[in-house]
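These notes concern the structure reproduced below.
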Amino acid sequence: MVRSRQRVADHGEVFTPRWLVDGMLDLVSDEAARIDSRFLEPACGSGNFLVAVLERKLASAQKKHGRSEFEFRHSALLGLMCSYGIELLPDNAAECRANLLQLFTKTLKVSADDIWSRAAAAVLDVNIVRGDALAMTTSNGEPIVFPEWGYLGRGKYQRRDFAYKDLTQRSLADGTLFEQFDEETLFAPVTTYPVMTVEQIADLHTSQSQPSQDEQRSNGN
């Protein structure tokens, strides 16, 4: 699937059809359905692969915690936190974030200005990075950094940031196709943040025009 021949020629842009995405995920169905299993799409496009992964994670959260809205919503946010993407083209990166956010808010049945929507948007601001996966740099030439989110229970999350190049070294060491980041890491985080609630995460996303990770760095933030 292609948008235009020119984009294919310039960037090699080809979108994976949904039937093929589902077939790939069926090969690792247990991992795809596990809420805290981390998936990275290094050329995420508009998010076809990540949307399919998130659908399975949200279904697992509903099945496991459907009787408790508190636990379901926190587990659903964790599923989103465990979905990562890198995309070279800015319109694709924006569309990927929008598609994932739409699925999340629709599943939780919340409005765009709801605290859960804003928290999800804040997560996507840093989880979906505009950059070059091969060069391991953002569009501004800075090293790609990804947050590792963890749910501590009782509505509390932990965030630690790691350099993408270190994560790929861990991936090569483990030798798996769909890499799961171990809890005990061999590499030190770039930054460790204080424990956060949904409200505090939502505050990170001040508006719909929140700059992405590479834009924040270029502005010195």
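Nothing in this text is a laboratory measurement; each read-out follows from the coordinates by a stated rule. Just so you know, these numbers come straight off a predicted model, no measurement behind them. With ideal geometry, Cβ positions are generated from the backbone for all residues, glycine too; neighbour counts draw on all protein chains shown.
Name the residues in the range 65-108 that are surrounded by fewer than 19 Cβ atoms within 10 Å (Cβ to Cβ) and acidic (Asp, Glu), would you?
69, 71, 91, 95
With 67, 97, 73 as the choices, which residue is more than 22 Å from residue 199 (Cα to Cα) and of a type outside the set (A, V, I, L, M, F, W, C)? I'd like the intermediate steps shown before the answer.
On the way: 97 fails: more than 22 Å from residue 199 (Cα to Cα); 73 fails: more than 22 Å from residue 199 (Cα to Cα).
Checking each option against the conditions leaves just 67.
Pairs please, first residue from the range 52-77 and of a type in the set (Asp, Glu), second anywhere and part of a helix (DSSP H, G or I) and buried (at least 17 other Cβ atoms within 10 Å of the Cβ), Cβ atoms under 6 Å, 6+ apart in sequence or on different chains.
Pairs found: 71/65.
Show the residue pairs that are 6+ apart or on different chains and have beta-carbon atoms under 6 Å apart, the first residue being within the range 127-144 and under 20 Å from residue 51 (Cα atoms), the second being hydrophobic (A, V, I, L, M, F, W, C) and part of a loop (DSSP other than H, G, I, E, B).
Short answer, once both residue conditions are applied: 129/144; 131/144.
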